[in-house]
Amino acid sequence: MKFLTTNFLKCSVKACDTSNDNFPLQYDGSKCQLVQDESIEFNPEFLLNIIERVDWNAVLSVASDLGNTALPPSKPVFPATADQLSEEDMTILRDLHTLLIQTSISEGEMKCRNCGHVYYIKNSIPNLLLPPHLA
Amino acid sequence: MLATPYIKCDYDKVYEPAEDSFLLLDSLEKEQQFLNERFHSHLSVVCELGPGSGIITTFMLQHGIPSKNKSIYFALDINPWALEATHATAKLNACQDKFLDTVQSDLTSSLRNKEIDVLVFNPPYVPADNVPMVPSFKDDIDEWVDLALLGGADGMVVTNKVLKNLDIILSPNGVAYILFCARNKPEEVVKGMKEKHGWKAELVEHRKAGWEVLSVYKFYR
Ligand SMILES: C[S@@+](CC[C@H](N)C(=O)[O-])C[C@H]1O[C@@H](n2cnc3c(N)ncnc32)[C@H](O)[C@@H]1O
Ligand SMILES: [Zn+2]
Ligand SMILES: [Zn+2]
């Protein structure tokens, strides 16, 4: 599962919806195996659209779970269109492409910071299904 | 006519594409312009519930629905085999260069609320005594496939869960495309969504398939 997907996954437990701790999930850095997948090409415009949309605090939280603390503390700001991007902007966008889109968690686990339920990622597919007693 | 994805799956494990799947493809083709106009200026988050073989998600990946280079796709199925099949189908159709992730999930319970811009669902819509229990093991293959069709009372038990929560599932600009069969009494369902819950709802496509009449409705605000 791609890093960017962590920006959309929350705890499946219905009762956790009323808490602010059901998102992002907390990834266990010691158990998460990261792989780089280069099949999606760098496209600055796509990245701009993604960055506009992401919850930056959640990006920071998951990156730090996975051992990356080098990100800027607030969401980087870019010109509105791709043709106005400076070399420096491009460098930042490339790095974010590498992190958000090319970095995948192939095996791992994460838990809800509210209820503590643990979810697993196997073969790059996260399993957010709850056992019957929680569903 | 947009090309249909090439599919090669083990249909003991996942739902084999049928008239319902194709009616949704035709509906999305018909809606391509509406969706493109609605979502061309920002990123759109697409979620297919119950992708099965992955035919519908792959069709959207292939043809850039809702908008090329501006969409990310999540395919959520309860059946673990469907998630592998969906990745395989996307790959078979040379779509590895698009953003797709699959998640094992009961409906949208695992996704943040109000983030989905385009929701597509060909649900288990066949009336049955019950919605089958979720199998305990991945190898209970037959039981996983039963979940593809059997929709409990009026075939609406699973679909109703989505409709009831549509307000917190969809983004403010979001649109949902949902397939019904005549025994789901779609006209009544749609009337309720409009009158009681204030949704806009329109018939996109309908077709006779054997002794079934299938229809696709879209819901938006
Ligand atoms: C009629 S099949 C549609 C398959 C495929 N989209 C197509 O059109 O060919 C319904 C799909 O919904 C999935 N499904 C059933 N209940 C579900 C649930 N509660 N959450 C997620 N997926 C579910 C089934 O596993 C199956 O893949
Ligand atoms: Zn929780
Ligand atoms: Zn007619």
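The values are calculated or read from the model by the stated rules, or taken from the named source; none is laboratory data. Quick caveat, the model's predicted, so the values are computed rather than measured. In this analysis, Cβ positions are derived from the backbone assuming ideal geometry, glycine residues included, and neighbour counts consider all displayed protein chains. To get the accessible areas, we keep the full protein, side chains included, count just its heavy atoms, and leave off ligands, DNA and RNA. Shrake-Rupley method; radii C 1.70, N 1.55, O 1.52, S 1.80 Å.
Applying the set (1) within 14 Å of chain A (Cβ to nearest Cβ); (2) of a type in the set (D, E, K, R); (3) more than 11 Å from ligand 1 (Cβ to nearest atom) to B:LYS194 leaves exactly one unmet item: (1). Of all residues in region A:106-129, those that are closer than 13 Å to A:ASP28 by Cα and at pLDDT 95 or above have Cβ atoms under 9 Å from Cβ atoms of residues that are open to solvent by 40 Å² or more (accessible area, probe 1.4 Å) and of a type in the set (Phe, Trp, Tyr), 6 or more apart or on another chain, in A:GLU107/A:TYR120; A:GLY108/A:TYR120; A:GLU109/A:TYR120; A:MET110/A:TYR120. Taking region B:120-157 as the range and being within 14 Å of another protein chain (Cβ to nearest Cβ) and either surrounded by fewer than 16 Cβ atoms within 10 Å (Cβ to Cβ) or closer than 19 Å to B:PRO17 by Cβ (or both) as the test, the residues that pass are B:MET133, B:SER136, B:PHE137, B:LYS138, B:ASP140, B:GLU143, B:TRP144, B:LEU147. Here the helices (runs of 4 or more DSSP H) wholly within region A:17-135 that include at least 2 residues being open to solvent by 30 Å² or more (accessible area, probe 1.4 Å) and more than 12 Å from chain B (Cβ to nearest Cβ) are A:56-65, A:87-97. Pairs linking a residue in region B:65-78 that is more than 16 Å from A:SER124 (Cβ to Cβ) to a residue that is charged (D, E, K, R) and assigned to a loop (DSSP other than H, G, I, E, B), with Cβ atoms under 7 Å and 6 or more positions apart or on different chains, are B:ILE78/B:ASP106. For region A:10-48, the tally of residues that are within 16 Å of ligand 2 (Cβ to nearest atom) and in contact with a Ser or Thr (Cβ under 6 Å, 6 or more places away or on another chain) stands at 2.
Beta carbons closer than 6 Å, at least 6 apart along the sequence or on distinct chains, pair a first residue in region A:9-23 that is farther than 11 Å from A:CYS115 by Cβ with a second that is open to solvent by 20 Å² or more (accessible area, probe 1.4 Å) for A:LYS10/A:PHE23; A:LYS10/B:ARG112; A:PHE23/B:ARG112. Only one of the numbered conditions (1) away from ligand 2 (no atom under 16 Å from the Cβ); (2) buried (at least 16 other Cβ atoms within 10 Å of the Cβ); (3) modelled with pLDDT of 95 or more is not met by B:SER110, and that is (1).
If the condition is being more than 7 Å from every other protein chain (Cβ to nearest Cβ), more than 16 Å from ligand 1 (Cβ to nearest atom) and in a loop (DSSP other than H, G, I, E, B), then region A:1-16 contributes only A:CYS11.
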